[in-house]
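Undergrad: One structure, as structure tokens, below. Some questions next.
Quick note: the coordinates plus some simple rules give every number you see, no bench work behind them. All of these numbers come straight from a predicted model, not from anything done at the bench. Note: ideal-geometry Cβ built from the backbone for every residue, glycine included; neighbour counts use all protein chains shown.
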Amino acid sequence: MTSSTAAAVVLAAGHSKRLRSEQPKVLHEVGGRPLVSWVVQAAREVGCAPICVVVGSGADPVRSVFVDEDAGDIVWVEQPEQRGTGHALSMARDSLRSEGLALVLSGDAPLVRPGTLQALLDAAGAGWGSVAVADLPEPGSLGRVACEGDRLVRIVEAADADDDTLALRTVNAGHYALPVPAIFDWLEKVDAGNAQGEFYLTDAVSAAVREHPVAAVRVEDASEALGVNSRADLAAVQRVFYRRSVDALLAAGVTVLDPDSVWIDAAVTVGADSMLHPNVTLLGASSVGSGCTVHTGAWIRDSVLDDGVEVLPYSVLDGARVASGCTIGPFARLRPEAVLEDGAKVGNFVEVKKATLGPGVKASHLAYLGDASVGAGANIGAGVITCNYDGKKKSRTVIGEGAFVGSDSILVAPVEVGAGAYTGAGSVITKDVPEETLAVGRARQKNIKRRRR
Ligand code: UD1
Ligand code: MG
């Protein structure tokens, strides 16, 4: 993306009554990240600096979104009381010292693309300012825009619009490139005599249009104009977001059988020739290799799957690492630090946590493997449980290569089953089992003749 030295101001303060939420509006998430973080990222991608983010006063939780990253380019601006978008921008006056263009962005409109921001800067550079607009079939609560060609005539808020204006389908996407400090002088002339009793940024832009040319820049894709003012808007934005991820995967050679039912966060990668069945969810920092098949209902977060893995229906993977050729599920659960090495198999109703299953290990049915390591080729029978927790501390179970842990064995950790050892079905194993040894730890069966009266 072309670099610019324009500053950006992201308007991100306050709550929305219509969301009915305790959380600030821009902290609601799409694609696994808060709305505001997408807007800041788009500004970064066009090289904006500084990026002023307008938040509520004091320890506004919006600041915490950026604590984990290198946020040296962010300047925090406080707006103690939310009195409208124009008022919010005016709070940034002291932070925008140098003259020139500034991008002014709505923190609740996360679908905007960097290309649109660059187009706003380019168009504004040729005149006085610019505003991003789009044609939407259902413009809802968004501000209506009147244009003449690619020149803005005015913006009218939906709450203040008459029927003719409401019928306009062109909307204000809430992203602008505006000259600093000139825009602040126009903001000073704005009053709050409107339906919402707020100082509108749109009024300042509409007033400036009478003296200066303001370009209306049509966004590449109308969905970029969607802002989040309600839970319904949030759902609509989320849908577009996931659809964008799916489209990128389709273009990269992944088969997605039912694109509208698959939810994929933006950072997820999937290799070519993999196939995603309906209702698959891939979240966070997950990656899926090539030639994998992920069947319906799988929920995968922060997990790494190498090539040729098959995830059968309704399996849950969270923080797991899965090597090539493994099979998981149906109905399996891999929890954080579950590591499956090449060709391991975890079947139905098997839970694995903080445990490494070596190459070719099979745990096919109904088992719990926690705080364990299982050597290559070992077989874990149905119903095997590692008792890793004694009520106070967690202990490890070590199972050697080629061991055969009989069905319903209870392994009371800390305990070790040696390489090539066997445990008899139904055993409670409390002592280490040496290599190549059969351990039977269960009551001997007695057959007692029935007495009939
Ligand atoms: C605004 C525009 C509207 C446009 C829409 C695009 C105005 C008056 N209207 O309407 O024309 O179609 O965005 O999404 O600008 N904010 C503050 N402080 C405030 C008020 C708002 O920081 O005092 C922030 C909000 O957190 C939000 C952004 O500014 O991220 C936009 O405010 P919002 O109330 O959502 O405006 P809209 O009604 O959507
Ligand atoms: Mg909004």
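Undergrad: Per-residue HN-Hα couplings for region 345-360, Karplus 6.51 cos²θ - 1.76 cosθ + 1.60 at θ = phi - 60°, whole Hz, x for Gly and Pro?
TA: Result, rounded to whole Hz: 10, 10, x, 5, 6, 10, 10, 10, 9, 6, 9, 10, 9, x, x, x.
Undergrad: So who's got an amide H within less than 5 Å of the one on V217, skipping anything under 5 residues away but keeping other chains? H placed 1.01 Å off N, in plane.
TA: V131, A132, V133
Undergrad: Mind pulling the angle between the C-alpha long axis of helix 35-45 and the longest principal axis of the chain? Nearest 10 degrees, somewhere in 0 to 90.
TA: Helix 35-45 sits roughly 70 degrees off the main axis of the chain.
Undergrad: Quick one: Karplus J couplings for region 67-76, per residue in order, coefficients 6.51, -1.76, 1.60, θ = phi - 60°, nearest Hz, x for Gly and Pro?
TA: Whole-Hz 3J(HN,Hα) from phi for region 67-76: 5, 7, 10, 6, 10, x, 7, 8, 10, 7.
Undergrad: What angle, in degrees between 0 and 90 and rounded to the nearest 10, separates the Cα long axis of helix 114-125 from the longest principal axis of the Cα atoms of the chain?
TA: The helix 114-125 is inclined about 10 degrees to the chain.
Undergrad: Note down the magnitude of the dipole of region 150-212 about its Cα centre, charges +1 on Lys and Arg C-beta and -1 on Asp and Glu C-beta and zero elsewhere, to the nearest 20 debye.
TA: Working: 5 positive and 12 negative charges, 54 e Å.
Its charge dipole is roughly 260 debye.
Undergrad: Now for a different question. Which ³J(HN,Hα) values, rounded to whole Hz and listed in residue order, are derived for region 17-30 from phi using the Karplus coefficients 6.51, -1.76 and 1.60 in 6.51 cos²θ - 1.76 cosθ + 1.60 with θ = phi - 60°, glycine and proline given as x?
TA: 4, 6, 7, 6, 9, 6, 7, x, 4, 6, 8, 5, 9, 10
Undergrad: Could you pull out every residue, at least 5 positions away or on a different chain, whose amide H is within less than 5 Å of the one on V433? Hs are placed 1.01 Å off N in the peptide plane, and Pro or chain starts have none.
TA: Here E416, V417, G418 satisfy the definition.
Undergrad: Let me ask you something else. Amide H to amide H, which residues 5 or more places from S274 or on other chains are under 5 Å from it, using H placed in the peptide plane?
TA: Those lying under 5 Å, H to H, from S274 are T255, G291, C292.
Undergrad: Helix-derived [θ] at 222 nm for the chain: sum -39500 (n - 2.57) over DSSP H runs of at least 4, divide by residue count, nearest 500? Mind dumping the intermediate values first?
TA: On the way: 7 runs with 70 residues, N = 453.
Rounded to the nearest 500, the figure is -4500 deg cm²/dmol.
Undergrad: To continue, here is another question. Mind checking which lysines have their C-alpha under 28 Å from K394, skipping anything on the same chain fewer than 8 residues away?
TA: K345, K353, K354, K362, K431
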